[in-house]
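Asks: Submitted below is the structure of interest, expressed as structure tokens.
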Amino acid sequence: MIIQQDCLEWMKTQDDDSVDVIITSPPYNKKGLRGGKRTSTQLWDNANIDYGIYDDNMPESEYQKWQQAILNECYRILKPTGSLFYNHKIRNWNRKGYHPCEFILDTDLQFYQEIIWNRKNTLALDARYLFTKTERIYWFCKDKPQVFKERMPEEYLGDIWTIAPSSAKDHPASYPELLVELCLKLTAPDNAVIYDPFGGSGTTAVVAQRLGYKWITTEIDPDYVEFIKQRCNKGENK
């Protein structure tokens with residue numbers, strides 16, 4: 001189910017303990033961190049992320065409070081046996097690294113484990129820093145999560161997942177389907193409800209649908225909503 005609505009407002013209308021697994025990657029606020037400026041030190045200009053109607057340009061303190069509010073609502077709707085996978089990255093600006101743990105650990109969620117997503121390459125070729133070829137998948141839970149390690153491929157039983165980034169062109173920051181598939185194999189029980197607060201290109205929805213789970217995604221951009229519908233309909237017609 002696709003819902004064109006702000007994720008925080010939608011979650012506030014939902015019951016406690018109603019979702020099994022949440023998988024999401026929020027906007028990183030790269031422009032907001034830089035005071036509204038596009039990155040000018042990248043060797044490749046397309047390292048900048050430009051969304052549709054969302055400009056990714058919030059004062060950093062507001063961005064962090066916003067993300068904390070979203071994570072706290074995720075905690076409320078997550079089942080006691082559920083898991084949340086939150087994809088973020090370390091951002092660098094003005095001679096300082098901004099680690100997402102600075103704000104995501106100050107929420108109601110229980111931190112379970114960190115997974116390193118090794119992308120092997122990057123467009124963020126900033127001449128002043130070592131090139132960042134990894135992102136983080138923060139695995140949170142509410143109480144005691146269900147874990148199905150026996151369903152995982154052997155090469156992904158460790159906490160470093162080497163997965164090439166998505167090559168999708170319809171969204172500037174989509175993540176690969178394999179990443180979502182691994183999260184679901186690891187933690188989603190039969191008949192699970194899967195939710196993605198930031199629908200984006202619809203990868204969570206597409207993979208959850210393919211694996212036979214009930215899924216919900218919220219997205220504010222009508223163009224991305226339409227793209228998600230097209231991807232899901234294409235999957236149903238295969």
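Asks: Looking at region 11-37, which of its residues are more than 24 Å from CYS74 (Cα to Cα), touching a residue at least 24 places away in the same chain (Cβ under 8 Å) and outside any helix (DSSP H, G or I)?
Replies: Answer for region 11-37, where residues must be more than 24 Å from CYS74 (Cα to Cα), touching a residue at least 24 places away in the same chain (Cβ under 8 Å) and outside any helix (DSSP H, G or I): just ARG34.
Asks: May I pose another question? Kindly indicate whether any position in region 78-99 is assigned to a loop (DSSP other than H, G, I, E, B) and in contact with a Pro (Cβ under 8 Å, 6 or more places away or on another chain).
Replies: yes
Asks: For region 11-34, give me the residue count where each residue is touching a Pro at 6+ places or on another chain (Cβ under 8 Å) and open to solvent by less than 20 Å² (accessible area, probe 1.4 Å).
Replies: Qualifying residue count for the region: 6.
Asks: If you don't mind, there's one more thing I want to ask. For region 204-226, which residues satisfy the criterion of being buried (at least 21 other Cβ atoms within 10 Å of the Cβ) and at pLDDT 95 or above? If you could, list the steps in order and put the result at the bottom.
Replies: Taking region 204-226 and keeping what is buried (at least 21 other Cβ atoms within 10 Å of the Cβ), we get 204-205, 207-208, 215-219, 224.
If the condition is that a residue be buried (at least 21 other Cβ atoms within 10 Å of the Cβ) and at pLDDT 95 or above, then THR204, ALA205, VAL207, ALA208, TRP215, ILE216, THR217, THR218, GLU219 are the ones that fit.
Asks: Is one or more of the residues making up region 107-118 more than 25 Å from GLU9 (Cα to Cα), touching a residue at least 12 places away in the same chain (Cβ under 8 Å), assigned to a loop (DSSP other than H, G, I, E, B) and touching a Pro at 6+ places or on another chain (Cβ under 8 Å)?
Replies: no
Asks: Right, another one. Just a yes or no: is a residue in region 69-76 touching a Pro at 6+ places or on another chain (Cβ under 7 Å), buried (at least 19 other Cβ atoms within 10 Å of the Cβ) and modelled with pLDDT under 85?
Replies: Looking for residues that are touching a Pro at 6+ places or on another chain (Cβ under 7 Å), buried (at least 19 other Cβ atoms within 10 Å of the Cβ) and modelled with pLDDT under 85, one finds none in region 69-76, hence no.
Asks: Of GLU181, GLU135, which residue is within 30 Å of TRP93 (Cβ to Cβ), open to solvent by less than 40 Å² (accessible area, probe 1.4 Å) and at pLDDT 90 or above?
Replies: Just a single option satisfies the conditions, and that option is GLU135.
Asks: Let me ask another. Mind telling me which of the residues TYR138, TYR156, TYR86 ends up being out of contact with any Ser or Thr (no Cβ under 7 Å at 6 or more places or on another chain) and in contact (Cβ under 8 Å) with a residue 40 or more places away in the chain?
Replies: None of the others qualify; the one that does is TYR138.
Asks: Restricting to region 154-178, what's the tally of residues that are open to solvent by 40 Å² or more (accessible area, probe 1.4 Å) and either over 24 Å from GLN68 (Cα atoms) or modelled with pLDDT of 95 or more (or both)?
Replies: 15
Asks: Of (1) over 26 Å from LYS12 (Cβ atoms); (2) open to solvent by less than 10 Å² (accessible area, probe 1.4 Å), PHE103 satisfies all except one. Which?
Replies: The failed condition is (1).
The values are calculated or read from the model by the stated rules, or taken from the named source; none is laboratory data. Nothing here was measured: the structure is a model prediction, and the numbers come from that model. Note that we place each Cβ from the backbone using ideal geometry, even for glycine, and neighbour counts take in every protein chain shown. Accessible surface is based on the protein model in full, side chains and every heavy atom, while ligands, DNA and RNA are left aside. Shrake-Rupley method; radii C 1.70, N 1.55, O 1.52, S 1.80 Å.
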